[in-house]
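Student: For reference, the structure I am asking about is given below.
Since every read-out is calculated from the coordinates, none of them should be taken as a lab result. Being a predicted model, the structure only gives us computed values, none of them experimental. Glycine gets a Cβ as well: all are built from the backbone with ideal geometry, and neighbour counts include every protein chain shown.
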Amino acid sequence: MTPNYETRGNVAVITLNNPPVNGLGYATRVALAEGLAAAQLDPAVKAIVITGAGKAFSGGADINEFGSPKASAEPNLLTVILALESSSKPTIAAVHSVCMGGGLELALGCNYRVAAPGALVALPEVKIGLLPGAGGTQRLPRVLGVENALNMIVSGAPVKSEALAKIPGQKLFDRIVEGDLMQGALAFAAEVADKRPLPLVRNLRADHPNPDAYFQFARNTVGAMSRNFPAPLKCVDAVAASVSRRFDDGLRHERELFAGLMFTPESKALRHTFMAERATNKIPDIPADTPLRTISSVAVIGAGTMGGGIAMNFLNAGIPVTVLETSQAALDKGIGVVRKNYEAQVTKGKLTPDKLDKRMTLLRTTLDYADLKDADLVIEAVFEEMGVKETVFRKLDAVMKPGAILASNTSTLDLNRIAAFTKRPQDVIGLHFFSPANVMRLLEVVRGEKTAKDVLASVMALGKTIKKTCVVSGVCDGFIGNRMIEQYSRQAGFLLEEGCTPAQVDQALERFGMAMGPFRMGDLAGNDIGWAIRKRRYVERPDVRYSKTADLLCEMGRYGQKTGAGWYDYKPGKRDAIASPVVVEMIEKHRAAKGITPRKIGDEEIVHRLVFALVNEGAKIVEEGIALRASDIDIVYLTGYGFPAHRGGPMCYADSVGLYNVVAAMQRFAQNPLDDVGFWKPAPLLARLAAERKSFT
Ligand SMILES: NC(=O)c1ccc[n+]([C@@H]2O[C@H](COP(=O)([O-])OP(=O)(O)OC[C@H]3O[C@@H](n4cnc5c(N)ncnc54)[C@H](O)[C@@H]3O)[C@@H](O)[C@H]2O)c1
């Protein structure tokens, strides 16, 4: 007998027990199959209730088994569901909290389902580039109707149990149990114990009055919305089979479609991302049970572009914020922007006026450091100058209470130096938000030489509260994301010198899937930012060459959208990038002055020179320990730099190309006589992995 099997009167209760969400891993499936078999053999048992321990009925497949032979080892989910369907005694799923993926498919194999209100029900497989592979696409349409089921399967979005129970004619839930679910399930079991025949979802029909037209419409809509992803359209095909084919044929078709998706690069990329996101929180030398510092009030220094956005993150989470500036005018301006941002959300119906008021009352302003002394966390977002940072951190050190966390939003400055301005470097950390800080998911958490472990752990936990994806970075110029983007931008500049136009480079990268090509991105962020960084580099690192084109552009006053002109022209008030003859002429003149004969450069070379520039720098970042793992770099690029989700990030993309192919391409690029700076020397880690025919992941 398994420990999760018990009898209550004449009802056998089988409890899935695999924390945290009762994933249907091998051991859980074995326990379930054994429990079912035991219940069949026990003459005293009249009905079987299946439920989940703790926080879920079941969250579906066990992610720790992804891709391992255990995932499909017998008893697999399909055969467990068959065993359920063959039960001679009524089976009742008692659903609560979370019922997703394989968990829902399991419940659909039961004769009956009762649910607690508020349970989140979903078939989310599409989010990892798959479709439900254990009958979900065949059974859900039979209980919810084709259209409701298709919407759930194609979106993967969870729906609450009580909302599903209200769908007219639905057969998903036989009862919503208010109060104690197990009591309700046992009472229901008593009612149906002797009822025969036992109902099976597979015996219902999935009907639609006009299936051909409906599925054509669905294919058009879904196809348009999921350009780079094959799974959503396959979901439509599978659900269509629930109408057009007999149950077992439909099941077989679902299986074929599932197997086909399993090997697509898109699904591999999405599964990689799913695992990579979870990995970002694991910091090898920081145990999960590290005691955390309480953070229930926050101060922000500087109410400029970043300060206001940073403050909004905490206000949104109900955490009070005090903002400090150098003048009342600067405060008024900054707070005005915060209010305007919230008002725009109200206009769009995304925020109620009531909530706007609540958030604004959590926001206080001051010109006096003494007002910040009790804050648990202070985040500095003043000008990017070491002298200014020094003044601010010395003041903070003088006033902040012991144990307060002192953070800097610096993008490029040495955090260890900033920490050294204080007598408490262990309490100093970098919190590198991305602009707009209230929108962008990425937060690079910069761990200084002396940052205390509990400070890092506390900030990682806080990141979750404010709904950020946190990635830990060591201290280096540009941290993970910007250090890599510099190499990407350098290549983009060289491409202009060799024969490309900005539009040609941007279009190649956008066809690859980047949200924006490098030149459109420059125009959005402000070309003057890179200019300032390069001016510093020309002094500090004269060996690093950049194309002069970007400097020439800035000398023309073309800083980007904010000046109405950059790599492109812009109409007043519009963001559409219009190719600029002036810029093209500037580039041509520059080429002529350097004596370069332009050549035609294809999309593949453009994309690979830019992306492999990222990959090579990424490999150095991993080897130096700046990033904890290659997959962290992918998360930085997916959440902060518009890297295409279906490629899984630059490092995952390099793996999918094959690292030995990446190195071979770099060797070809190195033959270019215009590469006079030895740009394409493979990073030692990349060279080693390629030689050993290994991958980053
Ligand atoms: N803008 C971005 O995209 C971005 C992204 C990530 C990080 N950062 C970093 O964030 C920081 C702020 O950048 P920003 O773009 O918000 O600059 P900003 O110029 O828009 O705002 C800076 C604000 O700080 C105030 N300030 C200056 N000195 C001060 C002092 N001694 N005390 C209090 N307030 C002071 C200024 O009045 C101004 O309002 C910089 O370190 C920058 O590198 C910027």
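Student: So for the stretch 436-594, Kirkwood radius off the Cα pairs, Stokes-Einstein at 20 °C and 1.002 mPa s: how many µm² s⁻¹? Write out the running numbers ahead of the final one.
Tutor: Numbers: Rh = 17.6 Å.
Diffusion coefficient, whole number: 122 µm²/s.
Student: May I ask for the longest run of the chain untouched by chymotrypsin sites (Phe, Trp or Tyr not before Pro) that are loop-located per DSSP and have at most 12 neighbouring C-beta atoms (other than their own) within 10 Å?
Tutor: 384-697
Student: Can you list which of the trypsin sites (Lys or Arg not before Pro) found in the stretch 244-276 are DSSP loop residues with at most 13 other C-beta atoms within 10 Å?
Tutor: Working: sites: 245, 246, 252, 255, 268, 271; in loops: 245, 246.
Those that pass, being in a loop and sparsely packed, are 246.
Student: Counting only Cα atoms, I'd like the Rg/Rh figure for the stretch 449-527, Kirkwood definition for Rh.
Tutor: In the stretch 449-527, Rg relative to Rh is 1.14.
Student: In the stretch 315-395, which GluC sites (Glu not before Pro) fall in coil by DSSP and have 13 or fewer other Cβ atoms within 10 Å?
Tutor: In loop regions of the stretch 315-395 (DSSP not H, G, I, E or B), the sparsely surrounded GluC sites (Glu not before Pro) are 385.
Student: So how long is each side of the stretch 1-64 along the principal axes, counting just the alpha-carbon atoms, biggest first, in Å?
Tutor: For the stretch 1-64, the Cα spread along each principal axis is 37, 20, 16 Å.
Student: Let me know the charge dipole size of the stretch 230-313 about its Cα centre in debye, to the nearest 20, where only the beta-carbon of Lys, Arg (+1) and Asp, Glu (-1) is charged.
Tutor: About 20 debye.
Student: Rounded to two decimal places and with Rh computed the Kirkwood way over Cα pairs, what is Rg over Rh for the chain?
Tutor: We get a ratio of 1.02 for the chain.
Student: Continuing with this model, one more query. The stretch 100-200: Rg/Rh from Cα coordinates, Kirkwood Rh? Each step should come with its number before you reach the end.
Tutor: Numbers: Rg = 13.7 Å, Rh = 14.0 Å.
Looking at the stretch 100-200, the ratio lands at 0.97.
Student: Which of 469, 229, 44 sits farthest toward the positive end of the charge dipole of the chain, with +1 on the Cβ of Lys and Arg and -1 on the Cβ of Asp and Glu?
Tutor: 229
Student: Here's another thing I want to ask about it. Tell me what the chain gives for mean residue ellipticity at 222 nm when only DSSP H runs of n ≥ 4 count, each as -39,500 (n - 2.57), the sum divided by the residue total, rounded to 500 deg cm²/dmol.
Tutor: Helix-only estimate at 222 nm: -15000 deg cm²/dmol.
Student: Oh, and also: Return one quarter of the surface area of the convex hull spanned by the alpha-carbon atoms of the stretch 316-371, equal to its mean projected area, in nm².
Tutor: So the Cα hull casts an average projection of 3.9 nm².
Student: Measuring from label point to label point, each 7 Å out along Cα→Cβ, what is the residue 10 to residue 327 span in nm?
Tutor: Between residue 10 and residue 327, the simple spin-label model gives 8.6 nm.
Student: Take the Cα atoms of the stretch 298-475, build their convex hull, and give its volume per residue in Å³.
Tutor: Numbers: hull volume 17.5 nm³, N = 178.
Given the Cα convex hull of the stretch 298-475, per-residue volume reads 98 Å³.
Student: Select from 628, 438, 658 the residue farthest towards the positive end of the dipole of the chain; place +1 on Cβ of Lys and Arg, -1 on Cβ of Asp and Glu, and compute about the Cα centre.
Tutor: Result: 438, furthest along the dipole toward the positive end.
Student: What is the log10 of I(q)/I(0) for the stretch 567-697, computed with the Debye formula using one identical point scatterer on each Cα and no solvent, at q = 0.09, 0.18 Å⁻¹?
Tutor: Results for the stretch 567-697 at q = 0.09, 0.18 Å⁻¹ read -0.36, -1.03.
Student: Something else: Please tell me the relative contact order of the stretch 332-438 in percent, rounded to the nearest whole number, where contacts are Cα pairs under 8 Å and at least six residues apart.
Tutor: 21 percent.
Student: Output the relative contact order of the stretch 478-561, whole-number percent, from Cα pairs under 8 angstrom with separation of 6+ residues.
Tutor: 33 percent.
Student: First obtain the Kirkwood hydrodynamic radius of the stretch 5-262 from its Cα pairs, then insert it into the Stokes-Einstein equation at 10 °C and 1.306 mPa s, and state the resulting D in µm² per second as a whole number.
Tutor: Diffusion coefficient, whole number: 87 µm²/s.
Student: A further question on this structure: Let me know the charge dipole size of the stretch 188-266 about its Cα centre in debye, to the nearest 20, where only the beta-carbon of Lys, Arg (+1) and Asp, Glu (-1) is charged.
Tutor: 60
Student: Provide, as a two-decimal number, the C-alpha radius of gyration of the stretch 181-289 over 2.2 N^0.38 Å, N being how many residues it has.
Tutor: 1.61
Student: Could you check how many percent of all C-alpha pairs in the stretch 178-244 are farther apart than 13 Å?
Tutor: Roughly 74 percent, once rounded to a whole number.
Student: Return the tail of the calculated pair distribution for the stretch 1-154, meaning the percent of Cα-Cα pairs more than 20 Å apart.
Tutor: When all Cα pairs of the stretch 1-154 are counted, 44 percent exceed 20 Å.
Student: Which of the GluC sites (Glu not before Pro) across the stretch 61-134 are loop residues per DSSP, with 10 or fewer other Cβ within 10 Å? Kindly include the intermediate steps, with their values, before the conclusion.
Tutor: Numbers: sites: 65, 85, 105, 125; in loops: none.
Passing both the DSSP loop test and the Cβ count: no residue.
Student: About the Cα centre, and with charges only on the beta carbon of Lys, Arg (+1) and Asp, Glu (-1), how big is the dipole of the stretch 298-475? Nearest 20 debye, please.
Tutor: Numbers: 24 positive and 19 negative charges, 109 e Å.
Here the size comes out at about 520 debye.
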